[in-house]
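A short write-up of the structure that comes next.
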Amino acid sequence: MPSGRQVGRENLAIFQTWLASKTEPEFRAMVNRGVLSRREIAKECGFGQSALSQNPDIKEALEAKEDELRHTGVLPPRAQKLPDAGGELPLRETGRQRASIDAERLSRLELDNAALRAENSELKRQLEKYALLDEALATTGRLLR
């Protein structure tokens, strides 16, 4: 049975191989809240999320890669801590990818809304015809039972 240090070295080797196999667009797809998704990394590497925070070598390599990705523009810059903000968190900019997803969703919902409005007005028009027929039958005393 391998010791904890051996498992840590194996995990580091797996992580470094994983880092070398990824391209910039793949890293861009893994961005979550301004950092790479730890859950996705752990799942793709085949070890637990705790290895990313408890193994100092993996932690250092991940931070170095994230700094490199920040420098190339894949990740947004780190949020600056404001000492005189009085405990307020700085406003963060939504990512470009999330904004494009939201824009697509908005346009799809607007199209659906327009289609439903058209269908609703058509059904109201059809109902008007039957409302007049029902009123005529009621005035002549020939209501359907």
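Quick one: give the max-minus-min coordinate of the C-alpha atoms of the chain along each principal axis, largest first, in Å.
That works out to 94, 50, 30 Å along the principal axes.
May I ask you to evaluate 6.51 cos²θ - 1.76 cosθ + 1.60, the Karplus curve with θ = phi - 60°, for each residue of region 2-18 and list the ³J(HN,Hα) values in order in whole Hz, giving x for glycine and proline?
x, 7, x, 5, 5, 4, x, 5, 4, 4, 5, 4, 4, 5, 5, 5, 4
Please give the calculated 222 nm ellipticity per residue for the chain, where each DSSP H segment of at least 4 residues contributes -39500 (n - 2.57) and the sum is spread over every residue; nearest 500 deg cm²/dmol?
Values: 6 runs with 99 residues, N = 145.
Using -39500 (n - 2.57) per qualifying helix, the result is -23000 deg cm²/dmol.
For the chain, what is the number of Lys pairs with C-alpha distance below 25 angstrom, counting only pairs 8 or more positions apart or on separate chains?
Values: LYS22/LYS43; LYS22/LYS59; LYS22/LYS65; LYS43/LYS59; LYS43/LYS65; LYS59/LYS81; LYS65/LYS81.
Final tally of qualifying lysine pairs is 7.
Longest segment of the chain with no GluC sites (Glu not before Pro) in a DSSP loop having at most 13 other Cβ atoms within 10 Å? Intermediate results must be reported in sequence, preceding the final value.
Working: sites that count: GLU88, GLU93.
Counting only loop sites that pass the neighbour cut-off, the longest clear stretch is 1-87.
Per residue of region 116-124, in order, report the coupling 6.51 cos²θ - 1.76 cosθ + 1.60 (Karplus, θ = phi - 60°) as ³J(HN,Hα) in whole Hz, putting x for Gly and Pro.
Per residue, the Karplus-derived 3J(HN,Hα) values read 5, 5, 5, 5, 4, 5, 5, 5, 5 Hz.
Output wanted: per-residue J couplings in Hz (rounded whole) for region 46-58, from phi through Karplus 6.51 cos²θ - 1.76 cosθ + 1.60, θ = phi - 60°, x for Gly and Pro.
Result, rounded to whole Hz: x, 10, x, 4, 4, 4, 6, 9, 9, 8, x, 5, 5.
Rank the residues ILE58, ILE14 as a footprinting-exposure proxy: fewest other Cβ atoms within 10 Å of their Cβ go first. Mind showing how you got there, number by number?
Values: ILE58 22, ILE14 16.
Arranged by neighbour count, lowest to highest, ILE58, ILE14 become ILE14, ILE58.
Readers should treat all values here as calculations from the given coordinates under stated rules, not as data from a laboratory. Computed from a prediction, not measured in an experiment: that's the story for all the values here. Glycine gets a Cβ as well: all are built from the backbone with ideal geometry, and neighbour counts include every protein chain shown.
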